[in-house]
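Just so it is clear, none of the values below were taken in a lab; they were calculated from the coordinates. These figures come from a predicted structure and were not determined experimentally. Neighbour counts run over all protein chains shown; Cβ positions are idealised from the backbone, glycine included.
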Amino acid sequence: MAVPPLETAPFYTYLAFGATHVPHHVAPEWIEKYRGQFDGGWDVQRTQTLERQKRLGLVPADAELGPWAEGVPSWDDLDDEARAVAARFMETYAGFAEHTDAQVSRLIDELERLGELDNTLIVYLLGDNGASGEGGIEGTLHEHLVGHGIPDNTADMAKKLDSFGDATTYLIYPVGWALAMNAPYQWTKQVASHFGGTRDGMILRWGDKIKDTAAGTVRHQFHHIIDILPTILEATGLPAPESVNGITQSPIEGTSMLYTFADAEAPDQHTTQYFEMCGNRGIYHEGWMAVTRHGTPWLMLPDGLPAFEDDVWELYDTSIDWTQAHDLAAALPEKLAELQAIFVTEATKYEVFPLDDRVTERENPFLAGRIDLLAGKDSMTYTAGMGRFTEETTMNTKNRSHTITASIVMPSDLADTVSGVLIAQGGRFGGWSLYCLDGVLTYAYNCYGTYRFTVRSMTTLAAGAHELQMHFDYDGGGLGRGATITLLDGNTIIGSGRIDRTTAYYFSFDETLNIGVDLGTPVTEDYLPLDNGFTGEINFVRIDVLEDAVTGTEEDITRHVLAHQ
């Protein structure tokens, strides 16, 4: 199908960057531009950010910094080594963010070259939540560690400052920087009750369609991410779809922002909005906001959360207290009760109830009550070339015994040089792989990118057909326990070994299971990225799970986390 050139046809482009989500990866020259820029620390940076926001007219001149989060150290509390590590985290993040802006600039330049810049409605969203506190107090070079409740080691990170931002890392900064970047507001991503968790910058451009557009012009009307689509539909004169592929669509919630294009001082039209995530919740209504923080993102232990009815609510008048710095709940209990009632109405309307503050359990479809595509299955067979299976679309081998069977043919010549992956899941930061290395059958297990185990056959595989097996005999007795590995060629044991610890919850957020190759980052350093395809012939690979997975109660999960700290 011929695609008409942009010069002659309307176009819609959705350009989504990995930035500035974890992992923070960027070339060294972008990081080096910021060397020393953050040595003053997050307390100083937070104050400087508010001052800059006031100069730019982004916040009211009388805006105050919201309260600092309890339990997060000030910069002066850190020793020299911890400061050096923390500063490098922020240098890396800043380079990553600027690199993203540079790519947006390339798009703008091309639109200008085409003569379409002023004819194009551009919506540049600078985030989808507040800066993340999920890196914990110290930050981490491997987010998968923190995700399993295991803090990184500052002394170890200090030895790797030159590696920050490269392919060997999956880093995220300490929570202190998140609080600084969310200035002047309180809290971080996940804390949907407070603006530090929800408020992001947005830049709009549409030539002369937006009035009073001198550089730095600001709109202060309250709006929400759900307002983007209604704005585009109104701007283009397109109707909201009632049906897509025969499926009736739910009504589009949200309020077009087009009215603000013509009048910078127009009264708000989006006047009520609920917020909720992980039990943290809030309600905005006509300038007032009632909020309650239920949990703390960087405290990974699932116990210790209060009952929802015991959560403490706060009240803010954002028309005069832009940053939620002054809690009025005690002074205005009737107003608080009014907003709490509105929250119940909105949360009921939009199916927020029942509230659910589980984190780890929600990753399991069975426990979370979601549709499980693999429910009732105990075996899956794959053929050569299949791949890109996310963890939710293939057999769950974690916390259970299982067998991998591979039917292969080793070439008749030089069988002892045959190498390559038979099946692999995950990558450098967690996963497993069954592969040949110079004719030797090998199983590698990578736990969190930190603990690595390898079991090899005692002899090379001969030329001809083989039915190979890797039997994973899980120790049981809880989550993330060890296993005994047995390698077989037919009925003959050709190798065995031990794995002392295993991954309890997930191998990777973004890497996949593949047959005949390990795509993405490699599970093991035994082979190169991408150039690791099996050089023999694969008939099929099958995964059989031999028992129900250990899912873990809240007590089990807590015990597992504590055992790794």
- Quick one: 546, 488, fewest Cβ neighbours within 10 Å first, how do they rank? 546, 488
- Message: Once you place label points 7 Å from the Cα toward the Cβ at residue 32 and residue 242, how far apart are they in nm?
- Response: 6.1
- For residue 401, distant residues with modelled amide H under 5 Å away: 474, 546, 547
- Message: Test of understanding: ordering 278, 436 by Cβ neighbours within 10 Å, fewest first, what list do you get?
- Response: 278, 436
- Message: Quick check: from the Cα gyration tensor, does segment 425-521 come out rounded (a/c under 1.5), prolate or oblate?
- Response: oblate
- Message: Under the rule of at least 5 residues apart or a separate chain, name every residue whose amide H is placed under 5 Å from the amide H of residue 418.
- Response: 439
- Message: Counting only other residues whose beta carbon sits under 14 Å from that of residue 57, what net charge do I get with K and R as +1, D and E as -1?
- Response: 0
- Message: How large is the Kirkwood hydrodynamic radius of segment 147-214, counting all unique pairs of alpha carbons, in Å?
- Response: 15.7
- With 0.36 nm assigned to each residue of separation and the Cα-Cα distance removed, residue 203 to residue 528 gains 112.8 nm
- What order do you get for 64, 70, 138, 525 when you list them from fewest to most C-beta neighbours inside 10 Å? 70, 525, 64, 138
- Item | All lysines inside 19 Å of residue 54 as judged from Cα atoms, apart from same-chain residues fewer than 8 positions distant | none
- Note on the structure: With Cα coordinates, the longest principal axis of the chain makes an angle with the long axis of helix 42-56, in degrees rounded to 10, of 40
- Item | Percentage relative contact order, the chain, counting C-alpha pairs under 8 Å, at least six apart | 13
- Counting only residues 5 or more places away or on other chains, whose amide H sits under 5 Å from the amide H of residue 540 once H atoms are built in the peptide plane? 407
- Item | Cα-based helix-to-principal-axis angle, 554-563 vs the chain, degrees rounded to 10 | 70
- Taking 1 over the mean of 1/r across every pair of different Cα atoms in segment 2-131, what Kirkwood radius in Å do you get? 18.0
- Quote the convex hull volume per residue of segment 253-329, based on C-alpha atoms, as a whole number of Å³. 133
- Item | Karplus-derived 3J(HN,Hα), 6.51/-1.76/1.60, for each residue of segment 505-521, Hz, glycine and proline x | 10, 8, 7, 7, 6, 10, 9, 10, 9, 9, 10, x, 6, 10, 7, x, 7
- segment 389-410 to segment 126-186: how many Å between their Cα centroids? 32
- Task: Give the whole-number value, in cubic angstrom per residue, of the convex hull volume spanned by the C-alpha atoms of segment 379-563.
- Result: 102
- Note on the structure: Rg from C-alpha atoms of the chain, normalised by the globular rule of thumb 2.2 N^0.38 Å, equals 1.10
- Structure shown: which of 189/211; 211/335; 189/335; 33/209 lie over 29 Å apart, alpha-carbon to alpha-carbon? 189/211; 211/335; 33/209
- Item | Phi-based couplings in Hz for segment 227-232 (Karplus 6.51, -1.76, 1.60; Gly and Pro marked x) | 8, 5, 4, x, 5, 5
- Task: Using θ = phi - 60° and the Karplus relation 6.51 cos²θ - 1.76 cosθ + 1.60, list the HN-Hα couplings for segment 68-80 in order, rounded to whole Hz, with x at every Gly or Pro.
- Result: 6, 6, 4, x, 8, x, 7, 4, 5, 7, 8, 7, 4
